[in-house]
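A quick write-up on the structure given underneath.
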Amino acid sequence: MTGPADNRLQARNDLAWAISVGGIGAVLFAALLAFTWHFAATLFLIFSGILLGVALNAMSNLLGRVVRLPHALRLTVVCLVVAGMLSGIVFLGGTTIAQQTTALSNTLKSQLVNVKGFLERNGIDTSFFDFGTVSSPSDDAAPAAATPAPHSLPSAGTIAASGGAIFSQSLKLILGTASAVGNFFIVLFLGIAFATQPGVYRDGLLFMAPVRHRARTVAIVDRIGETLERWLIAQIITMVAVFLVTWIGLSIIGIQSSFILGIQAGLLAFIPTVGAILGGLIVVLASVASGWVAALSAFILFLGVHALESYVLTPIIQRQALDIPPATLFAFQILLGVVFGIWGLALALPLMAIAKVMIDHFKAEDPVAAITTA
């Protein structure tokens, strides 16, 4: 028989064990948060590659419903078709895209300067705006006319400073371009690698789970994969529809840079709520240069595209993909956007979809326990 002393000793041991396990868990959780914070960009890059792999695998599965081919051959066909479409857009519309991008950039800069001047004339402080070296043409022309340019040669110090500034800006541009191209190929390689052998990575992920939790892990992983596949296919259809409607509508209105504006509207449609607002703002701001009638027509077009996306495409195409309340999604987007920047803003929805699948699974009845009791 155990006496009171033994019970007290056992209680102390249990308390010490609980405190030790809780402390270790808290330290590990803090270390995980620190790791995520420090390597957030890398983790988001890997997650983007996973999403690309899921999208390629989903398109390959759709092709498998039409044509009975091996997975590797279907994936090759999908990659070739996507690469051909992108190459056709670049080669056939590359000059148009470059010209319209330059014109759109200049238009947006001039419109931002006009907005800033309008706010300043009405007594609103705009010191928190930073447009760099952008200035209105009238402001640049007046000093040039008033002060004649000197004909003396610049000093050696001026030449050295200018050379250093040019070298610094060129180096930043080269490094930024190399980083963007490198990230693109990393995402592309990861996506193709994940899509080539999805079963291998799935089995490896399941192998890391404890044996007694493997059935639950299988259900969660499969449910996440199905949810992301349905959402990505629906999102691709929505982006293409937004691009076509915006491009054709702006072309009918007579807005310059309609093609590049359609492309940016389609790409921003990947980001729900925030992307639509930002895309509409860019479209309206770029249309002001063509007159208030064109700007009003572009605003009406934006409302129509937004209504098409929100009340037609999303309910019909994505009704079985995701069911997340808009306020919850918007709050999560803002949180990740503030903490992690553009990566968090763009990938908030798929991350929340994964979290929702896990929460719904744990809220439901335990399938393992149900099978055991049966």
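The values are calculated or read from the model by the stated rules, or taken from the named source; none is laboratory data. What you are looking at is a predicted structure, and each value in this text was computed from that prediction instead of being measured. Glycine also receives a Cβ, built like all others from the backbone with ideal geometry; neighbour counts cover every protein chain displayed. With ligands, DNA and RNA removed, areas are computed over all heavy atoms of the protein, side chains included. Shrake-Rupley method; radii C 1.70, N 1.55, O 1.52, S 1.80 Å.
Laid out as a table, the results:
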{"item": "Residues of the stretch 307-348 classified as open to solvent by 60 Å² or more (accessible area, probe 1.4 Å), modelled with pLDDT of 70 or more and acidic (Asp, Glu), total", "result": "0"}
{"item": "Test: residue in the stretch 42-64 that is hydrophobic (A, V, I, L, M, F, W, C), out of contact with any Phe, Trp or Tyr (no Cβ under 9 Å at 6 or more places or on another chain) and not in a helix (DSSP H, G or I)", "result": "no"}
{"item": "Among residues of the stretch 222-280, those that are under 25 Å from ASN106 (Cα atoms), open to solvent by 30 Å² or more (accessible area, probe 1.4 Å) and not in a helix (DSSP H, G or I), counted", "result": "2"}
{"item": "Residue within the stretch 1-22 that is under 30 Å from GLY337 (Cα atoms) and either among the aliphatic types (A, V, I, L, M) or assigned to a helix (DSSP H, G or I) (or both) present", "result": "no"}
{"item": "Subset tally (residues that are within 23 Å of SER179 (Cβ to Cβ) and in contact with a Ser or Thr (Cβ under 9 Å, 6 or more places away or on another chain)) for the stretch 39-77", "result": "2"}
{"item": "Residue, nearest to LEU349 (Cα to Cα), within the stretch 281-293, restricted to residues that are open to solvent by less than 30 Å² (accessible area, probe 1.4 Å) and touching a residue at least 12 places away in the same chain (Cβ under 8 Å)", "result": "VAL283"}
{"item": "Qualifying residues in the stretch 207-221 (those that are among the hydrophobic types (A, V, I, L, M, F, W, C) and in a loop (DSSP other than H, G, I, E, B)) - the one most open to solvent (accessible area, probe 1.4 Å)", "result": "MET208"}
{"item": "Cβ pairs under 7 Å, 6+ apart, first in the stretch 206-219 and of a type in the set (Lys, Arg), second open to solvent by less than 80 Å² (accessible area, probe 1.4 Å) and part of a helix (DSSP H, G or I)", "result": "ARG214/LEU206; ARG216/VAL368"}
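A quick yes/no check of all residues on (1) modelled with pLDDT under 85; (2) within 21 Å of ILE236 (Cα to Cα); (3) among the charged types (D, E, K, R):
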position: LEU32; (1), (2), (3): yes, no, no
position: HIS38; (1), (2), (3): yes, no, no
position: SER48; (1), (2), (3): no, yes, no
position: LEU56; (1), (2), (3): no, yes, no
position: MET59; (1), (2), (3): no, yes, no
position: LEU63; (1), (2), (3): no, yes, no
position: ARG74; (1), (2), (3): no, yes, yes
position: VAL77; (1), (2), (3): no, yes, no
